[in-house]
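The structure that follows is given in the form of C-alpha cells.
The values are calculated or read from the model by the stated rules, or taken from the named source; none is laboratory data. No experiment lies behind these values; they were computed from the predicted model shown. Cβ placement follows ideal geometry from the backbone for every residue including glycine, while neighbour counts extend to all protein chains displayed. The area values use the complete protein model at the heavy-atom level, side chains included, leaving out ligands, DNA and RNA. Shrake-Rupley method; radii C 1.70, N 1.55, O 1.52, S 1.80 Å.
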Amino acid sequence: VLRDGDIVNFDITLEKNGYIADSSKTYLVGNVNPAARRLVHTAYEAMWMGIRTVRAGARLGDIGWAIERHAKRNGYSVVREYCGHGIGRE
C-alpha cells in the first residue's frame, strides 16, 4: 500500500526476439519530505550527467565519474558495490 510521502520505483523489463531491455522510473507519492525529494532530484540529475558523457571514445569510468562528481558536489556518495546489469541479448 502506497502512503503519502512514499517514493516508489517501477523497473520494467521487456524481452522481444531474444533482446532484453528495461526502463526504470521513480515517482514521489504525495508530500515527500524535502530531504528525500532533494535526493531523488539529485539522482535524476546525476543520471543525465552520465548519459551526456556517453560518446565515441568515452570509457565506462567517464560515465561513473560524471555521476559520482555530481553526487559529491551535492553532498551525497555513490554505492561502489552495486554492479547493475547490461542490456541486449544477456
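Could you list, in sequence order, all residues of segment 14-49 that are of a type outside the set (A, V, I, L, M, F, W, C) and under 15 Å from the mean Cα position of the chain (by Cα)? Before the answer, list the steps.
Just the residues of segment 14-49 that are of a type outside the set (A, V, I, L, M, F, W, C), to begin with: 15-19, 22-27, 30-31, 33-34, 37-38, 41-42, 44-45.
Answer for segment 14-49, where residues must be of a type outside the set (A, V, I, L, M, F, W, C) and under 15 Å from the mean Cα position of the chain (by Cα): ASP22, SER23, SER24, LYS25, THR26, TYR27, ARG37, ARG38, HIS41, THR42, TYR44, GLU45.
To keep it simple, each residue is scored yes or no on (1) hydroxyl-bearing (Ser, Thr, Tyr); (2) touching a Gly at 6+ places or on another chain (Cβ under 9 Å); (3) on the phi < 0 side of the Ramachandran plot.
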position: LEU2; (1), (2), (3): no, yes, yes
position: PHE10; (1), (2), (3): no, no, yes
position: ASN17; (1), (2), (3): no, no, no
position: ASP22; (1), (2), (3): no, no, yes
position: PRO34; (1), (2), (3): no, no, yes
position: ARG37; (1), (2), (3): no, no, yes
position: HIS41; (1), (2), (3): no, no, yes
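A quick yes/no check of all residues on (1) over 25 Å from ARG80 (Cβ atoms); (2) open to solvent by less than 80 Å² (accessible area, probe 1.4 Å); (3) assigned to a helix (DSSP H, G or I); (4) acidic (Asp, Glu):
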residue: GLU15; (1), (2), (3), (4): yes, no, no, yes
residue: GLY30; (1), (2), (3), (4): yes, yes, no, no
residue: LEU39; (1), (2), (3), (4): no, no, yes, no
residue: GLU68; (1), (2), (3), (4): no, yes, yes, yes
